[in-house]
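Engineer: Just dropping this structure here.
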Amino acid sequence: MKNKVLILFLFSILTAFQAQSQKLNLLIGTYTTSCESKGIYVYNFDTTTADFSFKNVSENSINPSYLTVSKDNNYVYSVNENGPESTVSSYSYIPSSGKLDLINKQSSKGADPCYIINDDKNVIVANYSGGNISVFQKNSDGSLAEAKQVIQHYGKGADVQRQQGPHVHMVHFSPDKKFVLSNDLGLDKVYSYAYDPNTNEEALKVCDSVAVKAGSGPRHLTFSKDGKFVYLVQEMDASLTTFKYSNGKLKKVAETTILPKGFKGTFGSADIHISPDGKFLYASNRGEANDISIFEIGKNGKLKSKGQTSTLGKGPRNFVIDPTGNYLLVGHQYTNNVVIFKRDQLTGALTDTGKRIELCSPVCLVFTEN
């Protein structure tokens, strides 16, 4: 009898631990000037049921659209898109409560920052309208020093309206953190920078660049799970380009499109992610498309289209797959909600759960430990 009681007790502890481990924090960056939003929102999210609950929100800030979280889960860094007055912010972060407190801000050194990454030493920002990259050193208290490096891109692209100058749209670490890749929508190029996190001056040094189709507008990229391939989605012509990757170098090997066959409406490719198991690639498209394209990743990085799924909203700017691979969440900039899809891990297919997080103009979704 005592053994049965002990077994039941241990089972209850294990069950409680598993239930607790299913909960993650979901951080959502928003635009605050188009509707009522305070800034960065934090939700509890259950990766087994897709249930969620509001947890906390930052104090008023201007357009903290894109976010990145420190490795130790103690700090959150955000851009603040605000034209020439744009900044980069540092927040202390308490995961258990979701509480965010502003530590400090620094000038982004370029208008309209639209992407942000960090490691143990630095925060790196892509400034879209400024056409440049800024590097900020972290202080021991999580605050940011003034930018220690600003790399300005120069030139223009084929489209006289949208590519009148450089538009840096993303910065992305290589898997080994020895390089930073940067997409420039205005120049139709992907740059590769050698990265030295410890230097006080030139943390980034350009080592390579690759041109893509004129007028295609490279926006976001992602690495394959094994790090041997890079997949690049291009905003202006909906191309999806596959590159072989090695030691900071890119070599184009294939190209396809995220548009459905025969599609005639407006579009604007946005975000791209690979499932945690590395088997499926997803890419979002805006305009009149408002869908997510699904690709199966085969041997040698080859992509096989599995079709498109409507995102059930307008302006799917960003999406995220939870770390278990169970759910894919899409933030809609114009219909002001996050639509939650169940993801079939065998086929990659997406099914609407019917669950929605309603909030103003969600732009960036990031999961952290609870």
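The values are calculated or read from the model by the stated rules, or taken from the named source; none is laboratory data. On a predicted model such as this, the values are computed, not experimentally measured, just so you know. As a convention, Cβ positions derive from the backbone with ideal geometry for all residues, glycine included, and neighbour counts pool all protein chains shown.
Engineer: Take the residues in the range 177-191 that are farther than 18 Å from Ala270 by Cβ and part of a loop (DSSP other than H, G, I, E, B); name whichever of them is farthest from the chain's Cα centre (by Cα).
Structural biologist: Per the stated criteria, the residue is Leu187.
Rundown of residues vs (1) of a type in the set (A, V, I, L, M, F, W, C); (2) more than 17 Å from Leu24 (Cβ to Cβ); (3) in a loop (DSSP other than H, G, I, E, B), yes/no style:
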{"residue": "Ser284", "(1), (2), (3)": "no, yes, no"}
{"residue": "Asn300", "(1), (2), (3)": "no, yes, no"}
{"residue": "Lys306", "(1), (2), (3)": "no, yes, no"}
{"residue": "Leu346", "(1), (2), (3)": "yes, yes, yes"}
{"residue": "Ile357", "(1), (2), (3)": "yes, no, no"}
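Engineer: List the number of the failed condition for Leu328; all other conditions in (1) without any contact (Cβ under 8 Å) to a residue 40 or more places away in the chain; (2) closer than 25 Å to Tyr93 by Cβ hold.
Structural biologist: Against the list (1) without any contact (Cβ under 8 Å) to a residue 40 or more places away in the chain; (2) closer than 25 Å to Tyr93 by Cβ, Leu328 comes up short only on (1).
Engineer: Let me ask you something else. Provide a single number: the residues in the range 276-297 that are surrounded by fewer than 19 Cβ atoms within 10 Å (Cβ to Cβ) and either of a type in the set (Lys, Arg) or touching a strand residue (DSSP E or B) at 6+ places or on another chain (Cβ under 6 Å) (or both).
Structural biologist: 2
Engineer: Separate question: Take the residues of the range 248-259 that are without any contact (Cβ under 8 Å) to a residue 60 or more places away in the chain and of a type outside the set (A, V, I, L, M, F, W, C): which is surrounded by the fewest Cβ atoms within 10 Å (Cβ to Cβ)?
Structural biologist: Here the answer is Lys251.
Engineer: A further question on this structure: Residue check, Ile294 against (1) in a loop (DSSP other than H, G, I, E, B); (2) over 29 Å from Asn63 (Cα atoms); (3) touching a residue at least 40 places away in the same chain (Cβ under 8 Å), all met but one. Which one?
Structural biologist: (1)
Engineer: Out of the range 60-69, which residues are modelled with pLDDT under 95 and within 19 Å of the chain's Cα centre (by Cα)?
Structural biologist: None; the set is empty.
Engineer: Let me ask something additional. Of the conditions (1) in a strand (DSSP E or B); (2) over 20 Å from the mean Cα position of the chain (by Cα); (3) of a type in the set (A, V, I, L, M), Ile272 clears all except one; give me its number.
Structural biologist: It fails just one condition, (2).
Engineer: Scan the range 132-146 for residues that are within 16 Å of Tyr93 (Cβ to Cβ), outside any strand (DSSP E or B) and in contact (Cβ under 8 Å) with a residue 24 or more places away in the chain and jot them down.
Structural biologist: Asp141, Gly142, Ser143
Engineer: All but one of (1) at pLDDT below 95; (2) of a type in the set (S, T, N, Q); (3) within 21 Å of Lys355 (Cα to Cα) hold for Asn56, so report the exception by its number.
Structural biologist: Every condition holds for Asn56 apart from (1).
Engineer: All but one of (1) within 18 Å of the chain's Cα centre (by Cα); (2) farther than 20 Å from Val180 by Cβ hold for Glu288, so report the exception by its number.
Structural biologist: Against the list (1) within 18 Å of the chain's Cα centre (by Cα); (2) farther than 20 Å from Val180 by Cβ, Glu288 comes up short only on (1).
Engineer: Please pick out the residue among Val206, Val230 that is in a strand (DSSP E or B), buried (at least 18 other Cβ atoms within 10 Å of the Cβ) and not aromatic (Phe, Trp, Tyr).
Structural biologist: Result: Val230 is the single residue among Val206, Val230 that is in a strand (DSSP E or B), buried (at least 18 other Cβ atoms within 10 Å of the Cβ) and not aromatic (Phe, Trp, Tyr).
Engineer: Could you grab the pairs with beta carbons closer than 8 Å, sequence gap of 6+ or different chains, first residue in the range 346-370 and farther than 21 Å from Ile274 by Cα and among the hydroxyl-bearing types (Ser, Thr, Tyr), second one assigned to a strand (DSSP E or B) and at pLDDT 95 or above?
Structural biologist: Short answer, once both residue conditions are applied: Ser361/Thr30.
Engineer: Right, next: Exactly one of these conditions fails for Gln164: (1) among the polar types (S, T, N, Q); (2) part of a loop (DSSP other than H, G, I, E, B); (3) within 28 Å of Val69 (Cβ to Cβ). Give me its number.
Structural biologist: Going through (1) among the polar types (S, T, N, Q); (2) part of a loop (DSSP other than H, G, I, E, B); (3) within 28 Å of Val69 (Cβ to Cβ) one by one, Gln164 breaks only (3).
Engineer: Anything in the range 17-47 that is modelled with pLDDT of 95 or more and either exposed (fewer than 14 other Cβ atoms within 10 Å of the Cβ) or of a type in the set (A, V, I, L, M) (or both)? List them, or say none.
Structural biologist: Within the range 17-47, Leu24, Leu26, Leu27, Ile28, Ile40, Val42 qualify.
Engineer: Identify the single condition in (1) farther than 21 Å from Gly265 by Cβ; (2) of a type outside the set (Gly, Ala, Ser); (3) in contact with a Lys or Arg (Cβ under 7 Å, 6 or more places away or on another chain) that Pro316 does not satisfy, given that it satisfies every other one.
Structural biologist: Going through (1) farther than 21 Å from Gly265 by Cβ; (2) of a type outside the set (Gly, Ala, Ser); (3) in contact with a Lys or Arg (Cβ under 7 Å, 6 or more places away or on another chain) one by one, Pro316 breaks only (1).
Engineer: Shifting gears a bit: When the range 206-228 is examined, which residues are found to be more than 18 Å from the chain's Cα centre (by Cα) and over 21 Å from Lys156 (Cα atoms)?
Structural biologist: The answer is Asp226, Lys228.
Engineer: Looking for whichever is assigned to a loop (DSSP other than H, G, I, E, B), among the acidic types (Asp, Glu), out of contact with any helix residue (DSSP H, G or I) (no Cβ under 6 Å at 6 or more places or on another chain) and within 24 Å of Asp159 (Cβ to Cβ) here; the options are Asp277, Asp237. Which one fits?
Structural biologist: Being assigned to a loop (DSSP other than H, G, I, E, B), among the acidic types (Asp, Glu), out of contact with any helix residue (DSSP H, G or I) (no Cβ under 6 Å at 6 or more places or on another chain) and within 24 Å of Asp159 (Cβ to Cβ) holds for just one of Asp277, Asp237, which is Asp237.
Engineer: Could you please find all residues in the range 349-370 being under 13 Å from Phe280 (Cα atoms) and surrounded by 21 or more Cβ atoms within 10 Å (Cβ to Cβ)?
Structural biologist: Hit for the range 349-370 is Leu350, nothing else.
Engineer: While we're on this one: Looking at Ser129, is it surrounded by fewer than 16 Cβ atoms within 10 Å (Cβ to Cβ) and among the hydroxyl-bearing types (Ser, Thr, Tyr)?
Structural biologist: On the way: surrounded by fewer than 16 Cβ atoms within 10 Å (Cβ to Cβ): no; among the hydroxyl-bearing types (Ser, Thr, Tyr): yes.
No.
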